[in-house]
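First up is the structure itself, then whatever we jot down about it.
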Amino acid sequence: MTAQILDGKATAAAIKSELTARVAALKEKGVTPGLGTILVGEDPGSQKYVAGKHRDCAQVGIASIQRELPATATQEEIEAVVRELNEDPACTGYIVQLPLPRGIDENRILELMDPEKDADGLHPMNLGRLVLNEPAPLPCTPNGILTLLRRHGVEIKGAEVVVVGRGVTIGRPMPLLLTRRSENATVTQCHTGTRDLSAHLKRADIIVAAAGSPHLVRGEDVKPGAAVLDVGVSRNAEGKIVGDVHPDVAEVAAWISPNPGGVGPMTRAQLLVNVVEAAERSAGR
Ligand SMILES: Nc1nc2c(c(=O)[nH]1)N[C@@H](CN(C=O)c1ccc(C(=O)N[C@@H](CCC(=O)O)C(=O)O)cc1)CN2
């Protein structure tokens, strides 16, 4: 079997074209959605992701507000920019690009954000709303993964899903989304403390590999016919992305997300969805 591709690039392009019409409708009502980004430091990966987010905004008609601080910025300096975007009426939603430099209290920064402007769905209030099954902006990568699966017709209901990783942006929220009644998946969360990862992976209908460990998931660990999402981003000596999924998985799985070109573009597309939804809510108020 050679796996079919979960094409994030094409799916994100379709979502962006749908959003373009929604943004135009908002503008007719006098509302221009605006995405703010706060980037601290000079990490090339983060710079690239933020630049991509603003390119996407330009494509769909969302205004861009960019704030950049040096790696030496203090907690207080970053918090001042958060307060500024909380107050800026042109900014309907914003994100703080993660990770923040060592020594900065990331949770405190996230808590300081206006939860109504939290375009990443990572504010504790919004994560709490997700736990309580209340409407909230959804974390972009987990929601992007669900959208990618749905739009390719991969059955989520009743599926055994293994999530590898427990980070704030993907691993922690992913099971919360998958176990909602609308998804009804059964989830096992694995991490560096899991005793026999291979045994869990072999039972999975869907694998979300978000450990940041190059080629952690191998063909021999995967059930034939499974869907495998590669979320890991490590870099080799030439700076090329190496995912968490070994290429030989494509011989066993029914579906595989390429990396790059899979989950990354979907993360960016879901961010735009959150910004547009926030603007639509404010237009309705
Ligand atoms: N505030 C946040 N910070 C971070 C998040 C997040 O969701 N919110 N997730 C990641 C990084 N990320 C978004 O910010 C992100 C990662 C990857 C891509 C992407 O489009 N990747 C391309 C490849 C790009 C390359 O060549 O390097 C792809 O997969 O095709 C977009 C966004 C951590 N921080």
Filter region 238-285 down to the residues that are surrounded by fewer than 20 Cβ atoms within 10 Å (Cβ to Cβ) and closer than 18 Å to Ala63 by Cβ and list them by number.
Glu277, Glu280, Arg281, Ser282, Ala283
Condition broken by Asp205, with the remaining ones in (1) over 23 Å from Ala254 (Cβ atoms); (2) touching a residue at least 24 places away in the same chain (Cβ under 8 Å) satisfied:
(1)
All-but-one check, Lys117 against (1) more than 12 Å from the ligand (Cβ to nearest atom); (2) farther than 20 Å from Ala278 by Cβ, failing number (2)
Only one of these is free of Cβ contacts under 8 Å to residues at least 24 places away in the same chain and either closer than 30 Å to Asp88 by Cβ or β-branched (Val, Ile, Thr) (or both): Gly128, Gly167, Gly144. Name it.
Gly128
Helices (runs of 4 or more DSSP H) completely within region 5-100 that count 3 or more residues being within 14 Å of the ligand (Cβ to nearest atom), in contact with a strand residue (DSSP E or B) (Cβ under 9 Å, 6 or more places away or on another chain) and closer than 21 Å to Leu122 by Cα
44-60, 75-87
Filter region 129-175 down to the residues that are out of contact with any strand residue (DSSP E or B) (no Cβ under 9 Å at 6 or more places or on another chain), within 15 Å of the ligand (Cβ to nearest atom) and either among the polar types (S, T, N, Q) or not in a loop (DSSP other than H, G, I, E, B) (or both) and list them by number.
Leu130, Thr141, Asn143, Gly144, Leu146, Thr147, Thr169, Pro173
So Asn274, is it at pLDDT 95 or above and in a helix (DSSP H, G or I)
yes
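The values are calculated or read from the model by the stated rules, or taken from the named source; none is laboratory data. Keep in mind that this is a model prediction, so the values were computed, not measured. Cβ: placed from backbone, ideal geometry, glycine included. Neighbour counts: every protein chain shown.
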